[in-house]
Amino acid sequence: MATSDDVRRVGLALPRTYEHQVRGRWKLKVKQIVYVAFSRDELAMGFGYPLAERDGLVASDPETFFLPPTSDLRYQWVCAHLARLDEAEMRELVVDAWRMCTPKMLHELPELPAPAARVWDLVEQQEWADVRSLLHPYVRFTDGDVSVRGRNNLLAHLRDHPTPRPPTQVEVRDGQLYGWVR
């Protein structure tokens, strides 16, 4: 059984996501695009879902999934009762909804081990103090023909260059990013 707090935990861990309240309802957004919205009582959620596949999802389990109000049928949107979703299914729905409103280069970040997505998000926001604590002192960074070794050298490189592309491969040691390969 999933709860709104479980959805928030998954959604807020995804890069570029923030939570915003609109008319008494909490929503998860990337920029101005809402990809998850809770009912006022937070027992149901609406989420981004491909329009062409929406009816099939609702038909597959009408006890769990339902169509949004008539005024929202034009959007790529479907709704679900949170209590009927297990943790894995909820995570898949939230991450897929997030993928619908983010650049393709970010789509694999949620599948990488923690703290890869968090590090990339902090680098993009230039939160260097928070990045430092998530990098191993002997971190290895490779992006094409650029190779940097060591936490201080990598932080200096990242400050002086535009945000790198997200990693496609990472290695984690002691809860810190030890390898970053693009």
Only one of these is open to solvent by 30 Å² or more (accessible area, probe 1.4 Å) and not polar (S, T, N, Q): Val10, Val34. Name it. Val34
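This table checks each residue for (1) farther than 24 Å from Asp121 by Cα; (2) assigned to a strand (DSSP E or B).
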| residue | (1), (2) |
| --- | --- |
| His20 | no, yes |
| Asp41 | yes, no |
| Arg74 | yes, no |
| Leu93 | no, no |
For the subset of segment 131-146 comprising residues that are open to solvent by 70 Å² or more (accessible area, probe 1.4 Å) and charged (D, E, K, R), which member is nearest to the chain's Cα centre (by Cα)? Arg132
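Could you please let me know if Tyr178 is out of contact with any helix residue (DSSP H, G or I) (no Cβ under 9 Å at 6 or more places or on another chain), open to solvent by 20 Å² or more (accessible area, probe 1.4 Å) and among the aromatic types (Phe, Trp, Tyr)? Explain how you work it out, then say what you get.
On the way: out of contact with any helix residue (DSSP H, G or I) (no Cβ under 9 Å at 6 or more places or on another chain): yes; open to solvent by 20 Å² or more (accessible area, probe 1.4 Å): yes; among the aromatic types (Phe, Trp, Tyr): yes.
When the stated conditions are applied, Tyr178 passes them.
Looking at segment 114-129, which of the residues that are without any contact (Cβ under 8 Å) to a residue 40 or more places away in the chain and open to solvent by 70 Å² or more (accessible area, probe 1.4 Å) is farthest from Thr168 (Cα to Cα)?
Among those residues, the one meeting the criterion is Ala129.
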In this structure, does Thr102 turn out to be of a type in the set (Ser, Thr, Tyr) and either surrounded by 15 or more Cβ atoms within 10 Å (Cβ to Cβ) or touching a Phe, Trp or Tyr at 6+ places or on another chain (Cβ under 6 Å) (or both)? yes
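Any idea which of Leu85, Leu67, Leu57 is out of contact with any strand residue (DSSP E or B) (no Cβ under 8 Å at 6 or more places or on another chain) and among the aliphatic types (A, V, I, L, M)? Quick ask: steps written out before the conclusion?
Details: Leu67 fails: out of contact with any strand residue (DSSP E or B) (no Cβ under 8 Å at 6 or more places or on another chain); Leu57 fails: out of contact with any strand residue (DSSP E or B) (no Cβ under 8 Å at 6 or more places or on another chain).
Residue meeting the stated conditions: Leu85.
Pick from Thr163, Thr102: which is among the polar types (S, T, N, Q), in contact with a helix residue (DSSP H, G or I) (Cβ under 6 Å, 6 or more places away or on another chain), within 30 Å of Val34 (Cβ to Cβ) and not in a helix (DSSP H, G or I)?
Details: Thr102 fails: in contact with a helix residue (DSSP H, G or I) (Cβ under 6 Å, 6 or more places away or on another chain).
Answer to the check: Thr163.
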Taking segment 1-60, which residues are among the hydrophobic types (A, V, I, L, M, F, W, C), touching a Gly at 6+ places or on another chain (Cβ under 6 Å) and over 24 Å from Ala114 (Cβ atoms)? Ala37
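The values are calculated or read from the model by the stated rules, or taken from the named source; none is laboratory data. Not measured: the values here are computed from a predicted model. Note that we place each Cβ from the backbone using ideal geometry, even for glycine, and neighbour counts take in every protein chain shown. All accessible areas refer to the heavy atoms of the entire protein, side chains included, with ligands and DNA or RNA removed. Shrake-Rupley method; radii C 1.70, N 1.55, O 1.52, S 1.80 Å.
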